[in-house]
Amino acid sequence: MALGYTQEVTNYDSLIAGPTYTIATVPLAASQTVKRGDLLVAAVTVAAGASTSTVAASFSKAAAVAAPCDLHMIAAEDADTTGGAGQVLAYGAGYYNEDAVGLTGDLATNKMVLLQQGIVLVHVQSGEVALPDED
């Protein structure tokens with residue numbers, strides 16, 4: 001008599017590595033092709049001699065290492081704004097797989113800068129498991 005196994009499947013999400021505290025729909029600049037997991041940035045600029053800073057009106061796919069003064073989010077979905085500005089669902093504070101977030105530049109620098117906004121990048125193991133074969 002063979003033992004019967006019940007197979008339950010949970011889809012592994014390679015991006016999420018723990019609790020996600022912030023999820024929001026944010027404006028996305030025109031001419032962007034964003035994939036789930038890409039790091040997004042809204043640049044903060046301070047004009048010479050100015051006492052206040054200006055935040056970009058929308059997010060764009062990060063093209064450089066994260067900068068301490070900028071706002072960052074992680075794309076929660078694919079988005080294409082080649083036809084004009086749009087919106088994208090994005091993650092903020094929470095725990096994410098460092099290997100699944102689309103980063104540019106030095107990992108250690110990115111991790112430290114993102115940490116100030118509560119975005120914690122951690123190393124995670126694969127979510128793939130082997131189930132015993134049914135006889």
Review point. For the subset of the range 45-69 comprising residues that are without any contact (Cβ under 8 Å) to a residue 40 or more places away in the chain and open to solvent by less than 50 Å² (accessible area, probe 1.4 Å), which member is farthest from Asn110 (Cα to Cα)?
Key: Ala50
Point to revise | Check on Leu103, under 13 Å from Leu15 (Cα atoms) and in contact with a strand residue (DSSP E or B) (Cβ under 6 Å, 6 or more places away or on another chain) | key: yes
Exercise for review: Please go through the range 36-83 and pick out each residue that is of a type in the set (Val, Ile, Thr) and in contact with a strand residue (DSSP E or B) (Cβ under 9 Å, 6 or more places away or on another chain).
Suggested key: Val41, Val44, Thr45, Val46, Thr54, Val55, Ile74, Thr81, Thr82
Revision key, fill the gap. In the set Ala30, Ala42, Ala24, Ala85, the lone residue that is at pLDDT below 95 and either more than 11 Å from the chain's Cα centre (by Cα) or exposed (fewer than 11 other Cβ atoms within 10 Å of the Cβ) (or both) is Ala85
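If you take the residues of the range 12-69 that are among the aromatic types (Phe, Trp, Tyr) and in a loop (DSSP other than H, G, I, E, B), which of them is farthest from Thr81 (Cα to Cα)? Give the derivation first.
First, the residues of the range 12-69 that are among the aromatic types (Phe, Trp, Tyr): 12, 21, 59.
After this cut, where a residue has to be in a loop (DSSP other than H, G, I, E, B) as well, the list is 12, 21.
Working: Tyr12: 28, Tyr21: 26 Å.
Taking the candidates together, the pick is Tyr12.
The values are calculated or read from the model by the stated rules, or taken from the named source; none is laboratory data. Predicted model only: the values in this text are computed from it and were never measured. Cβ: placed from backbone, ideal geometry, glycine included. Neighbour counts: every protein chain shown. Note: accessible area is taken over every heavy atom of the protein model, side chains too, but ligands, DNA and RNA are not part of it. Shrake-Rupley method; radii C 1.70, N 1.55, O 1.52, S 1.80 Å.
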